[in-house]
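One structure below.
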Amino acid sequence: MPGQPQNVSDLASELAQRLPEALIGERIIPRFVDSYVVEYGRHALQVHASLYRDRLSLLQREALLVLAVQALATACFEPANLKKSKPRTMSPKDSSTFRRKFLAALGRQQKWTVGDALDFQTDLQIYEELIRRNAATRRSRKAFEVANHPFVDRCAFLLDSSFMEKARIAASRTLGDLEDLAAHVIASAAPKNAGAKSR
């Protein structure tokens, strides 16, 4: 459709702005760290203010990777236009445009240097590859099981490497919160952009 590439660009830019804003607004990462400290009595993690801020910043970046993976996987489905029709995947060309525009807009929104943006994209590809591999052997996870996801392992290491198993359990719960947040933001952005397509 003639208006579609512009619509793909609009959706990419909007999600690049709204996902980080929602992450900060919902305070998922500070709540994750604070509740972990209280639950397991790991108060030493908050003693040094500068180290605590650095840890939050690193974990915030990991959370942004989760949101980006979700956006790239989910937003590449066009919403159904009619009640009975099903969502369709974007064409490869539109998916590629969406990815490029989303990552460029995210880099601008985060005020990253070229090096920062490339590092993020490299980590994003690692996330996507590991998630793809895990999906091949995925079975339904029981409520008490830890998610097999790169966010869980990387966050556990960054948060509290000497208590890895407990940190993995906490990170697994936070992963669910992040995926819910991403789904909500993407769903609220998609209908508006879908309507713009037909104009």
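The values are calculated or read from the model by the stated rules, or taken from the named source; none is laboratory data. Keep in mind that what you see is a predicted model, and the values were worked out from it rather than measured. Here Cβ is always computed from backbone atoms with ideal geometry, including for glycine, and neighbour counts include all displayed protein chains.
Could you check segment 58-73 and list, in sequence order, the residues that are modelled with pLDDT under 95 and surrounded by 17 or more Cβ atoms within 10 Å (Cβ to Cβ)? Break it down into steps so the answer makes sense when it comes.
Of all residues in segment 58-73, those modelled with pLDDT under 95 come to 70-73.
Correct list: Gln70, Ala71, Leu72.
Would you be able to say whether some residue in segment 97-110 is of a type in the set (A, V, I, L, M), at pLDDT 95 or above and in contact with a Gly (Cβ under 7 Å, 6 or more places away or on another chain)?
Just the residues of segment 97-110 that are of a type in the set (A, V, I, L, M), to begin with: 103-106.
The next check asks that each one be at pLDDT 95 or above; those that pass are 103-106.
Keeping just the survivors that are in contact with a Gly (Cβ under 7 Å, 6 or more places away or on another chain) gives none.
Checking segment 97-110: not a single residue is of a type in the set (A, V, I, L, M), at pLDDT 95 or above and in contact with a Gly (Cβ under 7 Å, 6 or more places away or on another chain).
Given Asn81, Asn134, Asn148, which one is at pLDDT below 90, surrounded by 14 or more Cβ atoms within 10 Å (Cβ to Cβ) and polar (S, T, N, Q)?
Values: Asn81 fails: surrounded by 14 or more Cβ atoms within 10 Å (Cβ to Cβ); Asn134 fails: surrounded by 14 or more Cβ atoms within 10 Å (Cβ to Cβ).
Sole residue among the options that is at pLDDT below 90, surrounded by 14 or more Cβ atoms within 10 Å (Cβ to Cβ) and polar (S, T, N, Q): Asn148.
Looking at Thr122, Thr89, Thr113, which one is hydroxyl-bearing (Ser, Thr, Tyr), more than 18 Å from Glu14 (Cβ to Cβ) and at pLDDT below 85?
Thr89
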